[in-house]
Amino acid sequence: MESRWTRIGLRTWAVLVVLFLYVPIGLIILYAFNRSRIQSWPIQHFSLSWFTVAWHDPDVREALVLSIKAGLLATGMALVLGSAAAFAVHRFRFFGREVVSFLPLLPIALPGIVTGIALRSFFAFNALHLSLWTIVVGHTTFCIVIVYNNLIARLRRTSPSLVEASMDLGARSWQTFRYITLPMVSTALIGGALLAFALSFDEIVVTVFTAGAQNTLPLWIYGAIRLGQQLPEVNVVVFAVILLTLVPVAIAARLTGGGGMARSGAGGGSARAGGR
């Protein structure tokens, strides 16, 4: 049995850790509404003026559009490649299967600077100009991991008897996938895609080596902080990035908490009817 003081100590420590993580973020959000250019405390006057300035800044808008494009394209490629790897590792037995199941995890396990340097060297060796597509390739390397992990975990929790029953009842492979497998893994795929997009949207280390002269939103923030001339505008942009990252992460957490199996029941009935 834990003593009363132990419980109090653990709760206090948990509160301190949460404050350490989120107080700086809260301050950035508050300063986004500060009317003054000088970041002093307490804030004297609150205003939305810097939101207008940030929105009408062409550099910010270009960086935002580039970040969204790169995030969506990297997420799409990660969905295709990560899903293919997860289904292959889960359904087939072949030589080197354990090695293949480990390889998708390497890009996110390695330091981002190592991945960035490796990609930059590859692009330079093959005389590839840095562009949107080099950013997408760089982001896809670690976004695959998110989709792969989500999907392989869901596949391992699903019963193979549902797929076998569908095939026994005469459903073709495509019908089985559409009515049985896809409903079971749909929330894992959506959750993985949302997390992959959030990770891509926030990425800066790999992007430094793959973007060239372009600026994604994190790169613009980094450059503006270094110059120190647009700090109020930076606070607004950071606030927007926090919102754009928080929303997909929250939805992904909600979706991956369950629900895939519940949907598969209805899908299974449709597949059996189709098989007949």
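Just to be sure I understand, if you calculate mean projected area of the Cα convex hull in nm² for this structure, which of (i) 15.9; (ii) 14.2; (iii) 21.7 do you get?
(iii)
Please state the shape class of the range 1-99: rounded when a/c is under 1.5, otherwise prolate if a/b exceeds b/c and oblate if not, all from the C-alpha gyration tensor. Don't jump to the answer; show the numbers that get you there.
Numbers: a/c = 5.59, a/b = 1.24, b/c = 4.50.
Note, shape of the range 1-99 comes out oblate.
Pull out the extension gain between LEU231 and ARG156, defined as 0.36 nm times the separation in residues minus the alpha carbon to alpha carbon distance; nm, one decimal.
Values: separation 75, 0.36 × 75 = 27.00 nm, distance 4.76 nm.
Extra length from LEU231 to ARG156 when fully extended: 22.2 nm.
Which cross-chain or sequence-distant (5 or more) residues have an amide H under 5 Å from the amide H of SER47, H modelled 1.01 Å from N in plane?
For SER47, the qualifying residues are ASN34, ARG35.
Multiplying the sequence separation of TRP41 and LEU16 by 0.36 nm and subtracting their Cα-Cα distance, what value in nm do you get?
The TRP41-LEU16 span can extend by a further 6.8 nm.
Per-residue counts of other Cβ atoms within 10 Å, averaged by peptide: what ranking do you get for 205-216, 237-248, 59-70, highest first? Could you put the intermediate results ahead of the total?
Numbers: 205-216: 20.1, 237-248: 16.8, 59-70: 18.5.
Descending mean neighbour count gives 205-216, 59-70, 237-248.
What is the packing order of peptides 17-27, 77-87, 123-133, 164-174, taking the mean over residues of other C-beta atoms within 10 Å and listing the highest first? Could you put the intermediate results ahead of the total?
Values: 17-27: 10.5, 77-87: 20.2, 123-133: 12.5, 164-174: 14.9.
Highest-to-lowest ranking by the protection proxy: 77-87, 164-174, 123-133, 17-27.
How large is the charge dipole for the chain, taken about the Cα centre, if only the Cβ atoms of Lys, Arg (+1) and Asp, Glu (-1) carry charge, to the nearest 20 debye? Present the calculation step by step, with values, prior to reporting the outcome.
Numbers: 21 positive and 10 negative charges, 178 e Å.
Magnitude of the dipole: close to 860 debye.
Relative to the longest principal axis of the C-alpha atoms of the chain, give the angle of the C-alpha long axis of helix 112-125, reported between 0 and 90° and rounded to the nearest 10°.
80
Which trypsin sites (Lys or Arg not before Pro) does the range 72-145 hold that lie in a coil by DSSP with at most 10 other beta carbons within 10 Å? Numbers along the way, then the final one.
Numbers: sites: ARG91, ARG93, ARG97, ARG120; in loops: ARG93.
For trypsin sites (Lys or Arg not before Pro) across the range 72-145 that sit outside H, G, I, E and B with at most 10 neighbouring Cβ atoms in 10 Å, the list reads ARG93.
Since every read-out is calculated from the coordinates, none of them should be taken as a lab result. The structure presented is a predicted model; accordingly, all values stated were derived computationally and were not measured. When we count neighbours, we look across all protein chains shown, and the Cβ atoms used for this are built from the backbone with ideal geometry, even at glycine.
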